[in-house]
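Working notes, beginning with the structure itself.
Please treat every number below as a calculation from the coordinates, not as lab data. Every value quoted in this text rests on a predicted model; they were computed, and no experiment measured them. Note: ideal-geometry Cβ built from the backbone for every residue, glycine included; neighbour counts use all protein chains shown.
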Amino acid sequence: MDEQWSFVCHKKQQRWLWYAWQPHLKVALAYAFGPRADSTLKQLLQRLTPFKLALYCTDDWGAYERLLPEDKHLITKRYTQSIERQNLNLRTWIKRLARKTICFSKSIEIHDKVIGTCIERRFFNAFKS
């Protein structure tokens with residue numbers, strides 16, 4: 001799991017993309033938008049319940065420690081290279097996620113729909129023929 005920063009209108013109005021990544025299949029399992037807070041992680045975990053995950057590999061962000069089961073949570077950088085690489089791919093594909101850009105959204109709804117549509121087309125439709 002990881003989170004990625006972006007903004008709507010101006011950099012003070014932060015918007016975070018949280019998503020779960022399956023490194024062996026190289027697909028996003030689920031995603032959620034919101035602030036960098038426990039509420040957004042709870043939303044993501046709710047979307048992950050059908051998957052019955054055995055292990056969560058994350059960085060050392062406090063929300064992960066508070067909300068993930070301790071016996072299934074591994075805090076390490078060693079197994080997060082794949083998701084960090086995916087963050088770079090998403091920033092390349094979607095200019096709204098780039099740190100320095102002139103391409104940004106003016107509304108939260110459009111921001112979430114543009115990024116969500118890209119993720120859905122790239123990962124959720126990957127198994128359709």
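When the chain is described by a simple charge dipole with +1 on each Lys and Arg Cβ and -1 on each Asp and Glu Cβ, the residue from Asn89, Ala54, Phe124 located farthest towards its positive end is Asn89.
Only Lys, Arg, Asp and Glu count, each charged at its Cβ (+1, +1, -1, -1), so figure out the dipole size of the stretch 28-100 about its Cα centre, rounded to 20 debye. Walk me through the numbers on the way to the answer.
Details: 14 positive and 7 negative charges, 107 e Å.
That gives the stretch 28-100 a dipole magnitude of about 520 debye.
Our coupling estimate for the stretch 56-65, obtained by passing each phi through the Karplus curve with A = 6.51, B = -1.76, C = 1.60 and θ = phi - 60°, is 10, 9, 9, 7, 9, 6, x, 4, 4, 5 Hz, Gly and Pro reported as x.
Dividing the mean sequence gap of close Cα pairs (under 8 Å, 6+ apart) by how many residues the stretch 1-116 holds gives a relative contact order of 25 percent.
Treating only the Cβ of Lys, Arg, Asp and Glu as charged (+1, +1, -1, -1), what charge dipole size does the chain show about its Cα centre? Round to the nearest 20 debye. Walk me through the numbers before you get to the answer.
Working: 23 positive and 12 negative charges, 132 e Å.
With Lys and Arg at +1 and Asp and Glu at -1, about 640 debye.
Peptides 11-21, 43-53 ranked from most to least packed, by the mean per-residue count of other Cβ atoms within 10 Å: 11-21, 43-53. Rg of the Cα atoms in the stretch 42-97, relative to 2.2 N^0.38 Å, amounts to 1.28. Packing, taken as the mean count of other beta carbons within 10 Å per residue, orders the peptides 66-72, 87-93, 30-36 from highest to lowest as 30-36, 87-93, 66-72. Here's how it looks for Gln4: its modeled amide H is under 5 Å from those of Leu17, Trp18, which are all 5 or more places away or on a different chain. When the Cα atoms of the chain are aligned to their principal axes, the ranges along those axes come out at 42, 39, 26 Å in descending order. With θ taken as phi - 60° and the Karplus curve 6.51 cos²θ - 1.76 cosθ + 1.60 applied, the whole-hertz 3J(HN,Hα) list for the stretch 8-21 is 10, 6, 9, 5, 6, 9, 6, 9, 10, 9, 10, 8, 9, 10 Hz, x standing for glycine and proline.
Among the listed pairs Lys12/Lys106; Lys72/Lys113; Lys26/Lys77, those with a Cα-Cα distance over 24 Å are Lys72/Lys113.
Phi angles of the stretch 80-91 translate, via the Karplus equation with coefficients 6.51, -1.76, 1.60 and θ = phi - 60°, into HN-Hα couplings of 10, 4, 5, 6, 5, 5, 5, 4, 5, 4, 5, 5 Hz per residue; Gly and Pro are given as x. Taking amide H atoms as placed 1.01 Å from N in the peptide plane, the amide H of Leu29 lies under 5 Å from those of Ala20, Trp21, Gln22, each 5 or more residues away in sequence or on another chain.
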